[in-house]
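Input: a single structure, listed below in structure tokens.
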Amino acid sequence: MFEIKAKDKVVERALLVGAYLEADKKADAQSLLAELEELVDTLGIPVVERMLVHHREQHARYLIGSGKAQEIVDLAKKLDCDVLVFDNELSPSQQRNWEELAGMTVADRHEIILDIFGARAQTREARIQVDLARMEYSLPRLTRAWSHLGQQGGGIGAKGEGESQLEQDKRKIRLQIDRLKRELETVRRARATQRKDRKRAPVPNAAIVGYTNVGKSSLLRRLTGADVLIENKLFATLDTTTRKIALPNKQPLLLTDTVGFVRKLPHQLVEAFNATLEEAALSDFLIHVLDASQPEVMEFYNTTMSVLTDLGADTRQMLVVFNKVDKVSDPSALFALRRHFPDAVSVSALSGEGMDELVGRLSEFVARGSITVELRLPSARADLLARLHREGTIHEVNYDNDFTSIVATIPARSLEVFAAFLALPVCDPLDEVVPASTLHLPTTDQSRSV
């Protein structure tokens, strides 16, 4: 991390370096290097030059050959840079070798992302998760940070060699990692309790997922009016936000905004943010937001799906949403995307274009987990009638002496509560009549792919 190293001045000028092995991967390497510039810019560090390097094999000392390494260092010194930033992941020894050769700070893409997360973390949960990831990243790199790590203190009576400063610092960091893991486990338990409370009032939940800066928070604000931070920057928000929306059929829906993904996301962050990302794995369905104006939209889609697969959330029902369609300059590109995702919805969270269609599709997804029933409720059970109003949609009400006959659409998970009051056969959303005598209570598993 930039802040753990002693330095004479604040980082002011950066040279970005991207190394790639295969010649046909040059376009991808250029795209990743451009994204790295955005990441570095998010930290407020000016980029003075970008350099793309093709190498035929991996070198243990500098990742690339020593001749090309010296060429990069000479360019950095000529441009008066004070930091080299690599798009590639550098091992701790490679990072040290580069700093010895260049005489300046050297960072890789993972360190930049971790620094961004550290700067953006606001809540206690986010800070714990980021601190844990940063500690695990820094532990094998401690020798970059201090010049006194080889010093040793004496034992009892100052006789003989004692524990070196490096060993002391590593031990302290391991203790901090253990403490942060315990705190994070407490956070997970608290989040599980909150989720359990939500399940008691069976309101369907959808998680908004996608690449960073595709407009997830803007979409949440447009749909629910939530007061969430919106910035045209990578990783503008790290904390989850859950808000309720009332759909046209009066069915409520909880929408949860999640942290964005990025290519080459450090595995320490995926591990640390599991407490947050599991909201996606346990939701009823996913809203996968894509930036239709980005040329690499398909690569961003694949990156997000890869992380969702790691979380076990790739089998959730999924509604693909193309955002920022007002910024698409080439109509043929949008047409090609719609051919690839025929069931996707095209919207603009900024202008409101397509939002009515999106809300309608959300209603359809919620309806897939709903059934229509006819109930006979005792007049004394006003609590059940209130619950129907709160969780479902009432189509018809008839009062008959000591009972109230009701036709309503309710979430499938609520059927267990009302099963004892079923009056007539149950109808699913496709109007297929299922005799009450053969009724099997549905599960809440919504794992069908769409």
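The values are calculated or read from the model by the stated rules, or taken from the named source; none is laboratory data. The structure presented is a predicted model; accordingly, all values stated were derived computationally and were not measured. Don't worry about glycine lacking a Cβ; one is built from the backbone with ideal geometry, like all the others, and counts go over all protein chains shown.
Taking the conditions exactly as written (within 25 Å of K264 (Cα to Cα) and either in contact (Cβ under 8 Å) with a residue 24 or more places away in the chain or of a type in the set (S, T, Y) (or both)), does R316 satisfy them or not?
On the way: within 25 Å of K264 (Cα to Cα): yes; either in contact (Cβ under 8 Å) with a residue 24 or more places away in the chain or of a type in the set (S, T, Y) (or both): yes.
So R316 passes the test.
Any residue that is under 14 Å from V17 (Cβ atoms) and within 32 Å of the chain's Cα centre (by Cα) - is there at least one of those in the range 110-127?
Taking the range 110-127 and keeping what is under 14 Å from V17 (Cβ atoms), we get 111-112.
Narrowing the set further to residues that are within 32 Å of the chain's Cα centre (by Cα) leaves 111-112.
There is at least one residue in the range 110-127 that is under 14 Å from V17 (Cβ atoms) and within 32 Å of the chain's Cα centre (by Cα).
Which residues, counting only those in the range 16-63, are buried (at least 16 other Cβ atoms within 10 Å of the Cβ), small (G, A, S) and out of contact with any Gly (no Cβ under 6 Å at 6 or more places or on another chain)?
G18, A19, S31
Would you point out the residue of the range 186-197, among those that are under 19 Å from the mean Cα position of the chain (by Cα) and not aliphatic (A, V, I, L, M), that is modelled with the highest pLDDT?
R188
State which residue pairs qualify: first residue touching a residue at least 60 places away in the same chain (Cβ under 8 Å) and at positive phi and inside the range 203-217, second residue hydroxyl-bearing (S, T, Y) and outside any strand (DSSP E or B) in any location, beta carbons under 9 Å apart, and separation of 6 or more residues or different chains.
G210/T258; G210/Y301; G210/T304; G215/S348
Can you tell me which residue among S437, S447 is polar (S, T, N, Q), part of a helix (DSSP H, G or I) and modelled with pLDDT under 80?
On the way: S447 fails: part of a helix (DSSP H, G or I).
Only one candidate qualifies: S437.
Pairs please, first residue from the range 347-358 and of a type in the set (A, V, I, L, M, F, W, C), second anywhere and at pLDDT below 90 and assigned to a loop (DSSP other than H, G, I, E, B), Cβ atoms under 7 Å, 6+ apart in sequence or on different chains.
If the second residue must be at pLDDT below 90 and assigned to a loop (DSSP other than H, G, I, E, B), the pairs left are A349/G215.
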